[in-house]
Amino acid sequence: MAEVFFGGGHRPPGALRDLLAERIRAVPTDGSIDWVTYYFRDRRLAEDLLAAHRRGVRVTVTVEKQPRTPRANEAVAEMLAGSQGLGAGFRLLSLPLLSPRLQAGWKPHLHEKLYCFSHPEPVAFLGSYNPSGDQPEEDPDIIREIGDQDRGYNVLVGLKDPWLVVRLTAHARSLHRMETGRSRCFAIDNNLELKSALGRIFFLPSLFPHPAMRFLHSLGADYKLKCVFSHLKGGGLVRKLVKLAGKGHQIEILADSTSRRVPASVEKTLKNAGIAFHRLGRETGLPMHDKFILAENAEKRWVVFGSFNWTPRSWWLNQEIGMISADKDLCRAFADRWNELAAALEKEKFSSPS
């Protein structure tokens, strides 16, 4: 019912974008493709989507209108917009401020990553990857700013449960046609979890407390937590981790190497709380864009993953998607990923000058 695909490490550059390209080309006339993503700079993927549209595939693509790097999506937007592109099938979406008094730094973003395909079998991919690279790369400054996601650490989980795929496709289309100026916090589909044998899928923002934190607080102290964070900011969120450590949880964290995504003050606070904290990517400069938590004791294992970061904007404002699962195959795949990242960390330590 699910397949897990990782990027970065020993995999060839562009493994995840190639996965998406293969799926686009496999959708026949009268099929459908529905995408939601934050960054979209890959012009070859955009051309694949246009080719699918021309052969009669129903295509909707919804992209953040004002990403952190403002000009990042411009080239693909020019390709996909208008009558020569996808027509009404393409939308740049700008989410509204919850209050006009909030400053621009608190503007919500469409940060969700969701890729739905009707054929050759229905599948919906969710995770951390967005097609933010381009070949040939004509603006290396953008890559230096956002990181090389085609070579960095990323994940897409392909869900094949037909019931889930139908509902995730409906969710993607709901975002595509949402009214401007309406907060997603009050949207019905953002406040309903999708429950299946694979686990629970949730959306943010919602009117309820963050599902990941509710889940972590439900665990007994015998659970060990292995956390992979691309971004970790905000005093309140850091204090939550410190509180979990105080409850007796043994916590290990692998984080991005940059202080912009994970400030040095955060690292110090977590280490002072007895949390094993490490950064990965100092040697390669490649971004740690995986976002997951493994929770395990002697009897059971869980995984929490998705598009959301551990930052205030991601938790309270952004449009995000996540999943909580005890599925053995999913958990095994993420446990293997943890071991791969831990091995890469040891290799970095060994190669670093003393």
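Laboratory data are not the source of any read-out in this text; all were calculated from the coordinates shown. Every value quoted in this text rests on a predicted model; they were computed, and no experiment measured them. Virtual Cβ from ideal backbone geometry, glycine too; neighbours counted across all protein chains shown.
Computed over every Cα-Cα pair of the chain and binned at 20 Å starting from 0, the pair-distance distribution P(r) comes out as 31, 61, 9 percent.
Enumerate by residue number the trypsin sites (Lys or Arg not before Pro) in the stretch 134-229 meeting two conditions: DSSP loop (anything except H, G, I, E, B), and at most 16 other Cβ atoms within 10 Å of the site's Cβ.
Here the trypsin sites (Lys or Arg not before Pro) that fit, given the DSSP loop and packing criteria, are Lys160, Arg177, Arg182.
Which pairs break 32 Å Cα to Cα here: Lys195/Lys291; Lys107/Lys347; Lys160/Lys226; Lys160/Lys268? Mind dumping the intermediate values first?
Numbers: Lys195/Lys291 21 Å; Lys107/Lys347 39 Å; Lys160/Lys226 27 Å; Lys160/Lys268 42 Å.
Over 32 Å Cα-Cα: Lys107/Lys347; Lys160/Lys268.
Subtracting the Cα-Cα distance from 0.36 nm times the residue separation, let me have the gained length for Glu3 to Leu192 in nm, one decimal.
Details: separation 189, 0.36 × 189 = 68.04 nm, distance 2.40 nm.
Extra length available between Glu3 and Leu192 comes to 65.6 nm.
Amide H to amide H distances under 5 Å link Ala2 with Lys160, where only residues 5 or more positions off or on other chains count and H is placed in the peptide plane.
Counting DSSP beta bridges with both partners in the stretch 12-166, what percentage is antiparallel, nearest 5?
Numbers: 12 of 22 bridges.
That works out to approximately 55 percent antiparallel.
Counted over the stretch 203-351, the DSSP beta bridges are approximately 55% antiparallel. Bridging of Lys65 to aspartates and glutamates at a Cα separation below 20 Å is possible for Asp34, Asp42, Glu47, Glu74, Glu78, Glu112, Asp134, Asp139, Asp141, Glu145, Glu179, Glu320, once same-chain residues fewer than 8 apart are set aside.
Going by a ≥ b ≥ c, the root eigenvalues of the Cα gyration tensor, does the stretch 203-351 fall in the rounded group (a/c under 1.5), the prolate group (a/b larger than b/c) or the oblate group?
Working: a/c = 1.33, a/b = 1.14, b/c = 1.16.
Rounded shape, in that the Cα axes give a/c under 1.5.
One Cα centroid belongs to the stretch 157-230, the other to the stretch 15-35; the line between them spans 23 Å.
In whole angstrom, how long is each semi-axis of the equivalent ellipsoid of the stretch 2-185, when you take the square root of 5 times every eigenvalue of its Cα gyration tensor and sort them from largest down? Let's see the in-between values first.
Numbers: eigenvalues 109, 86, 59 Å².
Equivalent-ellipsoid dimensions as semi-axes: 23, 21, 17 Å.
Summarising the strand pairing of the chain, around 60 percent of its internal DSSP beta bridges are antiparallel.
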